[in-house]
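Here is the structure we will look at, set down as structure tokens.
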Amino acid sequence: MRLTSQFDTVKITLYCDRLYIHPFCAVKYGMIVAKFGGTAVTPRNLIYLKRIVTEHHLAVVVSAVGREYKDDVKATDLLLQYHESRDQQVWESIADKYRRLAEVNGIAVDVDAMLSDAKSRAALYGKDYCASLGEELSARIVAAFLDADYVEAERVVRFANGDLDVERTFSNVRAAFCDGKRHVMGGFYGGCDGGRRTFSRGGGDVTGAIVAAALDASLYENWTDVNGVCVADPASVHNVSTVPSMSYAEMRMLSLAGAEVLHPDAVTPCETRGIPIKIGNFFRPQSASTLISFCPSVDKLLSVAEKISDSCVETTALHSYPMWQVLQRVSDFARSYTRELNISDRRYTVEPQINIEFRDKVVRVRSSESVLVPLYRALI
Ligand code: ASP
């Protein structure tokens, strides 16, 4: 079979959705861990956070209050300044952010009591402890807002000899989160002998990934103020498009190269358990987002395709290009991303699905199947 005109296109989209791949896990656990960055934890935006949280969101991880406008200073930076200077005015700016967070959203908590308790602890401990107070205050206030239980990260996330104590942290997370209720915890910090320790900046993403991994969540959602991973910096380029899917390795590479959308250490905990990471925009949760899984970026399909549109790859085959050759290359490509995984002694096959659209007809196949047979059947 040959394509008949130069303008015939075949649209090929790869799907790799854990709910499809692991139906058993999805039914059994069906829980989502959501992490909200600092911009969501601001007086005017907290309402967006509440709109996203459903009965599946049993674990919510939050950052310290973020910027409210372009030149605003994040609560974490103010706390670091306060640690250095002990300047009362700086403390007042911090206090003001948390007072307004509760006031604007009508949250009935005694913020002043929380603040004076936090301030007295800031005086006793070191820099990391002081920096962690932003996340602690956020989590206490957001827990009240969502009518959820507060989890103190210092008791759950544990460091030993400067490193995360993974085993202890995982078992603490399971014990703290597994009663079927919703819980809210501050990201970015944990406890260590003699106080608290923080991850590097942006480390709330790491906390979220650790919680997702420990609970074997169906999905780790990371909510930020941009439409997922974009092809250019959305702060400087208008109407920039989103990369709909990419692999864990690709995301890690991008983060290490300086893309600020996700902390590089947040990838591995999810990757080792095959938990997809969704990066979305809390302002517009239904709009474009990026799904990180074993499924590679569509960009790679450019090696078998010639053109990329917003949501899928279109390959424009030359009229002399035999159709079976195009399909065979797509099939080989997809099969190379099929993986055998061992999770908790069970074996899973992680296998992308392929959607093929050709002349108004759509065929959906799994990558292990021959794409040729169903396509031929549908087309001829
Ligand atoms: N609040 C911390 C920071 O500003 C951690 C985080 O937001 O994830 O870096």
Counting only residues in region 32-61 that are open to solvent by 10 Å² or more (accessible area, probe 1.4 Å) and hydroxyl-bearing (Ser, Thr, Tyr), the one modelled with the lowest pLDDT is identified as Thr54
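Scan region 260-276 residue by residue and report those that are of a type in the set (Val, Ile, Thr), at pLDDT below 95 and touching a Phe, Trp or Tyr at 6+ places or on another chain (Cβ under 8 Å). Working first, answer last.
Let us first name the residues in region 260-276 that are of a type in the set (Val, Ile, Thr), namely 261, 267-268, 272, 275.
Okay, now just the ones that are also at pLDDT below 95, so 261, 272, 275.
Within region 260-276, Ile275 is the sole residue that qualifies.
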Checking Arg121, Arg99 in turn, the sole residue that is closer than 14 Å to Gly195 by Cβ and more than 16 Å from the ligand (Cβ to nearest atom) turns out to be Arg121
- So is Leu262 under 10 Å from the mean Cα position of the chain (by Cα) and open to solvent by less than 40 Å² (accessible area, probe 1.4 Å) or not? yes
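Picking from Ala144, Ala148, which residue would you name as being under 24 Å from Glu103 (Cα atoms), more than 13 Å from the ligand (Cβ to nearest atom) and over 22 Å from the mean Cα position of the chain (by Cα)?
Working: Ala148 fails: over 22 Å from the mean Cα position of the chain (by Cα).
Criteria check complete, one pass: Ala144.
Which of the residues belonging to region 183-219 are more than 16 Å from the ligand (Cβ to nearest atom), of a type outside the set (A, V, I, L, M, F, W, C) and on the phi < 0 side of the Ramachandran plot?
Going through region 183-219, the residues more than 16 Å from the ligand (Cβ to nearest atom) turn out to be 183, 191-195, 213-219.
From what is left, the residues that are of a type outside the set (A, V, I, L, M, F, W, C) are 183, 191, 193-195, 216, 218.
Across region 183-219, the qualifying residues are His183, Gly191, Asp193, Ser218.
Looking at region 71-96, which of the residues that are of a type in the set (Ser, Thr, Tyr) and open to solvent by less than 30 Å² (accessible area, probe 1.4 Å) is farthest from the ligand (Cβ to nearest atom)? Reasoning before the result, please.
If we filter region 71-96 for residues that are of a type in the set (Ser, Thr, Tyr), which is where we start, we get 76, 82, 85, 93.
If we keep only those that are open to solvent by less than 30 Å² (accessible area, probe 1.4 Å) as well, we get 76, 82.
On the way: Thr76: 4, Tyr82: 14 Å.
It comes out as Tyr82.
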Per the list (1) within 16 Å of the ligand (Cβ to nearest atom); (2) at positive phi; (3) not charged (D, E, K, R), residue check on Asn222 breaks on (2)
(1) under 25 Å from the mean Cα position of the chain (by Cα); (2) free of Cβ contacts under 8 Å to residues at least 60 places away in the same chain; (3) more than 16 Å from the ligand (Cβ to nearest atom) all hold for Gly180 apart from (2)
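The values are calculated or read from the model by the stated rules, or taken from the named source; none is laboratory data. Everything numeric here is computed off the predicted structure, so don't read it as measured data. FYI the Cβ positions are ideal-geometry reconstructions off the backbone, even for glycines, and counts take in every protein chain you see. Ligands, DNA and RNA are excluded from the accessible area calculation, which covers all protein heavy atoms including side chains. Shrake-Rupley method; radii C 1.70, N 1.55, O 1.52, S 1.80 Å.
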